[in-house]
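Undergrad: The structure under discussion is supplied below as structure tokens; questions concerning it will follow.
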Amino acid sequence: MQASEAEKPRIVILISGNGSNMQAIAEAVHNKEIDAEIAGIISNRPLAEGLTKAQAMGLHTDIIDHTLYASRDEFDHALIRMIEDLKPDLVVLAGFMRILTADFTRYFEGNLLNIHPSLLPKYQGLNTHQRALDAGDSEHGVTVHFVTEELDGGPNAIQAILPILDIDNAKALQQRIQVQEHIIYPIAVKWFCEGRLSMEGQHAFLDGQELPASGVQLRS
Ligand code: GRF
């Protein structure tokens, strides 16, 4: 990683699909709400819609097709090299649908954020909205967290919490949660770029204070 003092922090965003979180962060940078530079967008899927969105915003894009690599290790090492070429200060996973090896997560640890559509540590993995409904939960949400070796397990930075309504289904919940994603991810990236948010010893800190396990909670 490059510690760039005089220059703006450089952000690399990894996507696999729609790229709406990538877009929300890139727009916040474009609107100067985040004082940073988008160094590039990398997709492991050549036809990801997010690539079109990134190109429409004039952003640098790269493709690294995981199907062309013989193993997860080879892919992750090639991905590390591709990211490093962009000299990032922060790597943002935004709907990047690949499980990353420990080599990768250790390499970027402390400088690697992810967004996960549940109130972590609840519902790691997939189908989070349906699982929250099936469990009869009264609340659901989305979490931005630092990435460690444990899948969806690193320290939380910020969560948005929503009530689950009687009429909710997974689709409705997912749509309300995405609105929140586009609010909290730019906030976390802004905090990081301002040097306010950090990870030390498997804990997240904001303004020098250790955050609770939930991270900062925004309730609506
Ligand atoms: C989001 O729901 C995020 O929580 C999950 O993947 C989805 C990505 O959506 N990790 P998008 O590609 O940013 O629109």
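The values are calculated or read from the model by the stated rules, or taken from the named source; none is laboratory data. Just so we're clear, the structure is a prediction, and the values are computed from it rather than from any experiment. Glycine gets a Cβ as well: all are built from the backbone with ideal geometry, and neighbour counts include every protein chain shown. With ligands, DNA and RNA removed, areas are computed over all heavy atoms of the protein, side chains included. Shrake-Rupley method; radii C 1.70, N 1.55, O 1.52, S 1.80 Å.
Undergrad: Below 8 Å between Cα atoms, with a sequence gap of 6+, how large is the relative contact order for the chain in percent?
TA: Numbers: 426 pairs, mean separation 42.6, N = 220.
About 19 percent, as a whole number.
Undergrad: Counting only protein heavy atoms and a 1.4 Å probe, tell me what percentage of the stretch 98-214's accessible area is made up of carbon and sulfur. Kindly include the intermediate steps, with their values, before the conclusion.
TA: Values: 2780 of 5390 Å².
Answer for the stretch 98-214: carbon and sulfur cover 52 percent of the accessible area.
Undergrad: Hey, what did the stretch 1-111 get for relative contact order, percent, Cα under 8 Å, at least 6 apart? Write down the numbers at each step before the final one.
TA: Numbers: 179 pairs, mean separation 41.4, N = 111.
That works out to 37 percent.
Undergrad: Of the GluC sites (Glu not before Pro) in the stretch 2-57, which ones lie in a loop per DSSP and count no more than 14 other C-beta atoms within 10 Å?
TA: On the way: sites: GLU5, GLU7, GLU27, GLU33, GLU37, GLU49; in loops: GLU5, GLU7, GLU33.
For GluC sites (Glu not before Pro) across the stretch 2-57 that sit outside H, G, I, E and B with at most 14 neighbouring Cβ atoms in 10 Å, the list reads GLU5, GLU7, GLU33.
Undergrad: Something else now. Hey, how many Å between the Cα centroid of the stretch 44-95 and the Cα centroid of the stretch 155-196?
TA: So the separation of the two Cα centres works out to 23 Å.
Undergrad: How far apart, in nm, are the 7 Å Cα→Cβ label points at GLU37 and SER220?
TA: 3.3 nm
Undergrad: Would you please give the residues with an amide H less than 5 Å from that of ALA157, counting only those at least 5 places away or on a separate chain, with H modeled from the backbone geometry?
TA: For ALA157, the qualifying residues are VAL144, HIS145, PHE146.
Undergrad: Taking amide hydrogens as modeled 1.01 Å from N in the peptide plane, which residues meet the under 5 Å criterion relative to ILE42, leaving out close sequence neighbours?
TA: ILE13, LEU14, ILE15, ASP62
Undergrad: Let's see if you can work this out: charge +1 on each Lys and Arg Cβ, -1 on each Asp and Glu Cβ, no other charges. What is the dipole magnitude of the stretch 98-208 about its Cα centre, in debye to the nearest 20? Each step should come with its number before you reach the end.
TA: Values: 8 positive and 14 negative charges, 51 e Å.
Roughly 240 debye for the stretch 98-208.
Undergrad: What shape does the stretch 102-220 take by its C-alpha gyration tensor, where a ≥ b ≥ c are the square roots of the eigenvalues and a/c under 1.5 counts as rounded, a/b above b/c as prolate, and the rest as oblate?
TA: Details: a/c = 2.24, a/b = 1.67, b/c = 1.34.
Judged from the Cα gyration tensor, the stretch 102-220 comes out prolate (a/c at least 1.5, a/b above b/c).
Undergrad: Something else: Can you tell me which of LEU197, LEU119, LEU165 moves the most in a GNM of the chain? Springs connect C-alpha atoms under 10 Å apart.
TA: LEU165
Undergrad: Give the residue from ILE34, HIS129, ASN156 lying farthest towards the positive end of the charge dipole for the stretch 28-157; charges sit on Cβ (+1 for Lys and Arg, -1 for Asp and Glu) and the dipole is referred to the Cα centre.
TA: The residue sitting farthest along the positive end of the dipole is HIS129.
Undergrad: Leaving out ligands and nucleic acids, note down the accessible area per residue over the chain with a 1.4 angstrom probe, in whole Å².
TA: For the chain, the per-residue accessible area is 48 Å².
Undergrad: State, to one decimal in nm, how far the label point of GLU27 lies from the label point of ARG81, with both points 7 Å from Cα in the Cβ direction.
TA: 3.7 nm
Undergrad: Through the Karplus equation 6.51 cos²θ - 1.76 cosθ + 1.60, θ set to phi - 60°, convert the phi angles of the stretch 193-205 into ³J(HN,Hα) values in whole Hz; use x for Gly and Pro.
TA: My calculation for the stretch 193-205 gives 5, 8, x, 8, 10, 8, 10, 9, x, 6, 10, 9, 10 Hz in order.
Undergrad: Something else: Dipole of the chain (Lys/Arg Cβ +1, Asp/Glu Cβ -1, origin at the Cα centre): which of GLN209, LEU68, ALA170 lies farthest to the positive side?
TA: ALA170
Undergrad: If I fit a long axis through the Cα atoms of helix 72-85 and take the longest principal axis of the Cα atoms of the chain, what angle between them do I get, 0 to 90°, rounded to 10?
TA: With rounding to tens, the tilt is 70 degrees.
Undergrad: With θ set to phi - 60° and the Karplus curve 6.51 cos²θ - 1.76 cosθ + 1.60, what are the ³J(HN,Hα) couplings of the stretch 135-144 in order, to the nearest whole Hz, using x for Gly and Pro?
TA: For the stretch 135-144, the Karplus-derived couplings read 7, x, 5, 8, 9, 8, x, 8, 10, 9 Hz, x marking Gly and Pro.
Undergrad: Work out how much length GLU150 to LEU165 would gain on full extension: take 0.36 nm times their residue separation and subtract the Cα-Cα distance, in nm to one decimal. Please list the in-between numbers first.
TA: Values: separation 15, 0.36 × 15 = 5.40 nm, distance 3.13 nm.
Stretched out fully, the GLU150 to LEU165 stretch lengthens by 2.3 nm.
Undergrad: Say R0 is 35 Å: what FRET efficiency, to the nearest 0.05, do ILE63 and ILE183 get from their beta-carbon distance?
TA: Working: r = 29 Å, r/R0 = 0.82.
Calculated transfer efficiency: 0.75.
Undergrad: Oh, and also: Can you tell me which lysines have their Cα less than 23 Å from the Cα of LYS32? Leave out same-chain residues fewer than eight positions away.
TA: LYS8, LYS53, LYS87, LYS190
Undergrad: Related question: What is the magnitude of the charge dipole of the chain about its Cα centre, with +1 placed on the Cβ of each Lys and Arg, -1 on the Cβ of each Asp and Glu, and no other charges, expressed in debye to the nearest 20?
TA: Working: 17 positive and 30 negative charges, 95 e Å.
That gives the chain a dipole magnitude of about 460 debye.
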